[in-house]
Amino acid sequence: MTVNVNETVRNLADSVRRYMNETASQYRARGKHARPRWESRGAEFSRRIDEFRSEARAVATPAQKTAALATGASLLLGGMVYGVAEAAPKTLAERQVVDSQPLAAALVEKLPAEEASQEGAPQEGAPPAEAAASEGTGTTAPVVEEPPSVPLDNLYVTAPFGWRINPMTGSGQEYHTGTDLRGATGTPVKAARAGTVVEAGWHTNGGGGLRIVVDYGDGLKTTYNHLSDIWVEPGQWVDTAHPVGAVGSTGNSTGPHLHFEMLVNGEYVDPMERI
């Protein structure tokens, strides 16, 4: 099948010029200021296409003509839409070594995006902050802050909540009232929520070693056990993620870790389901 390359390129130029003019007309109908570059790009596109067609006639073979026109048209279309026409390669030889397919694929998405971005263009007299927000894509992505990782930066569970073999004896079942999290000695331990420290010292009626208890005033408490150091005192208010102590291996412990507990109205619950 014989393809009339000149006619194909001419149709492409007409389509792009028609799209640009229609877009400008739509914005005038809405009472908006059409950007002058739409009309100027259409005229410039036609002029440059004619230059490419004339230049291609001097090429020796039909295959080279096709390559010159197709690559040149793609590059020129990209220049008109992206506003970088002057950055395109200036000679036919340079244009023939450019892969035009990725650029042509990108243009399919770029043309509708250009029209959408004009909706968000700043109006004349807009404050600088609004104008800055409309640059680029015309939108500003919301900034979403990740919640802090508590009670440790790395929540690597070494022993989950619930029934398990007693690690101190190696036999017999025991009910593990918290979750063990791996951590090196001295690793900062952080409060899971904002609340009041009600205990900070040695765990006298259990094997928690150096222990901290924080009360949140709504029936919820958390405990931090086997610490190597305590950095708060009873009655002190702490915010979420406030450092309260350091990981250790005090009390009934087989190695450095944090035994983290959560109580709701005096009942132990799985803390990892709630943080």
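Residue by residue, here is whether (1) within 15 Å of residue 153 (Cβ to Cβ); (2) small (Gly, Ala, Ser); (3) open to solvent by 20 Å² or more (accessible area, probe 1.4 Å) holds:
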| residue | (1), (2), (3) |
| --- | --- |
| 235 | no, yes, yes |
| 239 | no, no, yes |
| 243 | yes, no, yes |
| 249 | no, yes, yes |
| 258 | yes, no, no |
| 265 | no, no, yes |
| 268 | no, no, yes |
| 274 | no, no, yes |
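Could you check residue 235 against (1) in a loop (DSSP other than H, G, I, E, B); (2) in contact with a helix residue (DSSP H, G or I) (Cβ under 6 Å, 6 or more places away or on another chain) and say which number it fails?
The failed condition is (2).
If you scan the stretch 154-181, which residues turn out to be part of a strand (DSSP E or B) and open to solvent by less than 40 Å² (accessible area, probe 1.4 Å)?
Scanning the stretch 154-181 gives 159, 162, 176, 179, 180, 181.
When you go through (1) free of Cβ contacts under 8 Å to residues at least 60 places away in the same chain; (2) part of a loop (DSSP other than H, G, I, E, B); (3) open to solvent by less than 40 Å² (accessible area, probe 1.4 Å) one by one for residue 192, which number turns out not to apply?
(1)
Being out of contact with any strand residue (DSSP E or B) (no Cβ under 9 Å at 6 or more places or on another chain) and either basic (Lys, Arg) or touching a residue at least 40 places away in the same chain (Cβ under 8 Å) (or both): is that true of residue 254 here?
yes
Residues of the stretch 257-272 being more than 33 Å from the chain's Cα centre (by Cα) and aliphatic (A, V, I, L, M), which ones?
Across the stretch 257-272, the qualifying residues are 263, 264, 269.
The values are calculated or read from the model by the stated rules, or taken from the named source; none is laboratory data. Model, not experiment: these values are computed from the prediction. Methodologically, a virtual Cβ is constructed for each residue, glycine included, from the backbone with ideal geometry; neighbour enumeration extends over all protein chains shown. When the accessible area is computed, the model is the full protein with side chains, heavy atoms only, and any ligands, DNA or RNA have been set aside. Shrake-Rupley method; radii C 1.70, N 1.55, O 1.52, S 1.80 Å.
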